[in-house]
Amino acid sequence: QKVSVEVLDHLEHLALVDFRDSEGVERLQKAIQFADQLQEVNTDGVEPMDSVLEDRWCLYLREDDVTEGNCTKELLENAREKLEEYFVAPPGNIPLPKLEERETFLQGS
């Protein structure tokens, strides 16, 4: 099953994963084939679940007691980059190519 350029572009932006080489595309196609096996499972008459623990009458929760606090400064010392009092998440670890560049690569695979 071939994956379209548009789908690859969308997945790269969502997951920040580079599919520019043939190995990346091949892995994605194998993952899709593996997931497609779920379509073969007969689920007629099976009610959807809200939770894997829905058979329990009560979920056991611990008390939400604050035992420490006022440690913002210490926590932010762990951040590689911060803005005011917030962690700055990286925009991604790969430069994403433009859609036009993708089409040329996929024609060769």
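Applying the condition of being open to solvent by less than 100 Å² (accessible area, probe 1.4 Å) and of a type in the set (S, T, N, Q) to region 48-91 and asking which residue is farthest from the chain's Cα centre (by Cα) yields THR72. On the given criteria, is GLY24 out of contact with any helix residue (DSSP H, G or I) (no Cβ under 6 Å at 6 or more places or on another chain) and either more than 19 Å from LYS2 (Cα to Cα) or hydroxyl-bearing (Ser, Thr, Tyr) (or both)? When the stated conditions are applied, GLY24 does not pass them.
Cβ-Cβ distances below 8 Å connect the following pairs, each with a first residue in region 75-92 that is more than 23 Å from HIS13 (Cβ to Cβ) and assigned to a strand (DSSP E or B), a second residue that is at pLDDT 85 or above and open to solvent by less than 100 Å² (accessible area, probe 1.4 Å), and a separation of six or more residues or different chains: LYS82/LEU76.
Among the residues of region 4-20, those that are open to solvent by 50 Å² or more (accessible area, probe 1.4 Å) and touching a residue at least 40 places away in the same chain (Cβ under 8 Å) comprise GLU6, HIS13, LEU16, VAL17, ASP18, ARG20. Residues in region 21-47 that are open to solvent by less than 60 Å² (accessible area, probe 1.4 Å) and closer than 26 Å to ALA89 by Cβ: GLY24, LEU28, ALA31. Look at region 25-36: where a residue is of a type in the set (S, T, N, Q) and assigned to a helix (DSSP H, G or I) and a partner is at pLDDT below 85 and open to solvent by 50 Å² or more (accessible area, probe 1.4 Å), sitting 6+ places away or on another chain with Cβ atoms under 8 Å, you get GLN29/GLN1; GLN29/LYS2; GLN33/GLN1.
The values are calculated or read from the model by the stated rules, or taken from the named source; none is laboratory data. What you see is a predicted model, and the numbers here were worked out from it, not measured in a lab. Every residue, glycine among them, receives a Cβ derived from its backbone with ideal geometry; neighbour counts consider all protein chains shown. Calculation scope for accessible area: heavy atoms of the full protein, side chains included, ligands and nucleic acids excluded. Shrake-Rupley method; radii C 1.70, N 1.55, O 1.52, S 1.80 Å.
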